[in-house]
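Visitor: Input: one structure, supplied below.
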Amino acid sequence: MRVIGLTGGIASGKSTVAGILEKLGAVIIDADLLAREVVAPGEPACQAIGDAFGDGMLNPDGTINREALSRLVFADAEARKRLESITHPAIGRRAEKKLAEFRQRQTPVVFYVAPLLIEAGVTSRVDELWVVYVDGKTQLKRLMERDRSSREEALRKIAAQMPMEEKKKFGNVVIDNCGTLTETERQVREIWEREFGSKVEG
């Protein structure tokens, strides 16, 4: 089974590209979805977050107060590391379980979509890396629009990750998402046909 890591920076368009790939027939494992699963009420990671950061990070119904936690970890590098030390192992276990299931089914290609694939040091989970790239100006504009945030807040979030120009160097394939959706779709389709032919059957 060929496992392709799809990564990029915040607001670079990973989800958009993953959606295009899925329409083309790709099997997707989304680390962001796994991250939501591992912090659901009753999960060990959810309780560990409450213990590490205080009950203020939990809503009355036991769910994570995402807004409060996000504000904290993007402003405090040590808090971010503490959070990652709780969530990343739990996400990793779920990812490995899903990959094992797809291997058992003899799925030829699986895309593992994860924003911090390189930063978390788990590139060994994949056979190759595809990076969704945007330039700094486009990234800042899209992030501010997406989160309805101030320039300062958006810059702080961008600074918390590996710079896009650096991340781009790790890509076996680089998908430039600076243009329109139509341009990105055309580019992804061309890469797909080059790599897999017309369709990959899962």
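Visitor: Would you please name the residue that is most open to solvent (accessible area, probe 1.4 Å), looking only at residues in the stretch 123-141 that are out of contact with any Ser or Thr (no Cβ under 8 Å at 6 or more places or on another chain) and assigned to a helix (DSSP H, G or I)? Outline the logic, then answer.
Guide: Within the stretch 123-141, the first condition is being out of contact with any Ser or Thr (no Cβ under 8 Å at 6 or more places or on another chain), and the residues that meet it are 123-128, 135-138, 140-141.
From what's left, assigned to a helix (DSSP H, G or I): 123-125, 136-138, 140-141.
Working: THR123: 58, SER124: 111, ARG125: 43, GLY136: 49, LYS137: 172, THR138: 29, LEU140: 19, LYS141: 121 Å².
Within the stretch 123-141, the match that is most open to solvent (accessible area, probe 1.4 Å) is LYS137.
Visitor: Search the stretch 150-176 for residues that are of a type in the set (Lys, Arg) and pair each with any residue that is in a loop (DSSP other than H, G, I, E, B) when their beta-carbon atoms are under 7 Å apart and the residues are at least 6 apart or on different chains.
Guide: Pairs that qualify, where the first residue is of a type in the set (Lys, Arg) and the partner is in a loop (DSSP other than H, G, I, E, B), are LYS157/ILE10; LYS167/GLY9; LYS167/ILE118.
Visitor: Tell me which residues, restricted to the stretch 29-46, are touching a Pro at 6+ places or on another chain (Cβ under 9 Å) and either of a type in the set (A, V, I, L, M, F, W, C) or free of Cβ contacts under 8 Å to residues at least 12 places away in the same chain (or both). Walk me through it before giving the result.
Guide: Let us first name the residues in the stretch 29-46 that are touching a Pro at 6+ places or on another chain (Cβ under 9 Å), namely 31-32, 38, 45.
ALA31, VAL38, ALA45, listed by residue number.
Visitor: While we're looking at this one, here's another question. If THR107 passes every condition in (1) under 16 Å from the mean Cα position of the chain (by Cα); (2) within 15 Å of VAL27 (Cα to Cα); (3) not in a helix (DSSP H, G or I) but one, which one does it miss?
Guide: (1)
Visitor: While we're looking at this one, here's another question. Consider ARG94 carefully, then state whether it is touching a helix residue (DSSP H, G or I) at 6+ places or on another chain (Cβ under 6 Å), open to solvent by 50 Å² or more (accessible area, probe 1.4 Å), in a helix (DSSP H, G or I) and not acidic (Asp, Glu). Before you say what the answer is, go through the steps one by one.
Guide: Details: touching a helix residue (DSSP H, G or I) at 6+ places or on another chain (Cβ under 6 Å): yes; open to solvent by 50 Å² or more (accessible area, probe 1.4 Å): yes; in a helix (DSSP H, G or I): yes; not acidic (Asp, Glu): yes.
Criteria met by ARG94.
Visitor: May I ask you to list the residues in the stretch 60-75 that are open to solvent by 60 Å² or more (accessible area, probe 1.4 Å) and under 16 Å from ILE158 (Cα atoms)? Before you say what the answer is, go through the steps one by one.
Guide: Our first condition is that a residue be open to solvent by 60 Å² or more (accessible area, probe 1.4 Å); within the stretch 60-75, this holds for 60-61, 66-67, 71, 75.
Matches in the stretch 60-75: ARG71, ALA75.
Visitor: Right, here's the next one. Please go through the stretch 16-35 and pick out each residue that is part of a helix (DSSP H, G or I) and under 22 Å from ARG93 (Cα atoms).
Guide: Start the filter on the stretch 16-35 by keeping residues that are part of a helix (DSSP H, G or I), which leaves 16-23, 31-35.
Result: ALA18, ALA31, ASP32, LEU33, LEU34, ALA35.
Visitor: Looking at SER124, SER149, which one is farther than 21 Å from ALA75 by Cα and of a type in the set (Gly, Ala, Ser)? Even if it seems obvious, please write down each step before you answer.
Guide: On the way: SER149 fails: farther than 21 Å from ALA75 by Cα.
Being farther than 21 Å from ALA75 by Cα and of a type in the set (Gly, Ala, Ser) holds for just one of SER124, SER149, which is SER124.
Visitor: Next question, about the same structure. Collect the residues in the stretch 110-152 that are under 18 Å from ILE175 (Cβ atoms), β-branched (Val, Ile, Thr) and modelled with pLDDT under 95, keeping them in residue-number order.
Guide: Answer for the stretch 110-152, where residues must be under 18 Å from ILE175 (Cβ atoms), β-branched (Val, Ile, Thr) and modelled with pLDDT under 95: ILE118, THR123.
Condition check ((1) assigned to a loop (DSSP other than H, G, I, E, B); (2) open to solvent by 90 Å² or more (accessible area, probe 1.4 Å); (3) among the hydroxyl-bearing types (Ser, Thr, Tyr)) across all residues:
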residue: GLU152; (1), (2), (3): no, yes, no
residue: LYS157; (1), (2), (3): no, no, no
residue: GLU166; (1), (2), (3): no, no, no
residue: PHE170; (1), (2), (3): yes, yes, no
residue: VAL174; (1), (2), (3): no, no, no
residue: CYS178; (1), (2), (3): yes, no, no
residue: ARG186; (1), (2), (3): no, yes, no
residue: GLU190; (1), (2), (3): no, yes, no
residue: GLU193; (1), (2), (3): no, yes, no
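The values are calculated or read from the model by the stated rules, or taken from the named source; none is laboratory data. All values derive from a computational prediction rather than experimental measurement. Using ideal geometry, Cβ is built from the backbone for each residue, glycine included, and neighbour counts are taken over all protein chains shown. Side chains included, ligands, DNA and RNA excluded: accessible areas come from the protein's heavy atoms. Shrake-Rupley method; radii C 1.70, N 1.55, O 1.52, S 1.80 Å.
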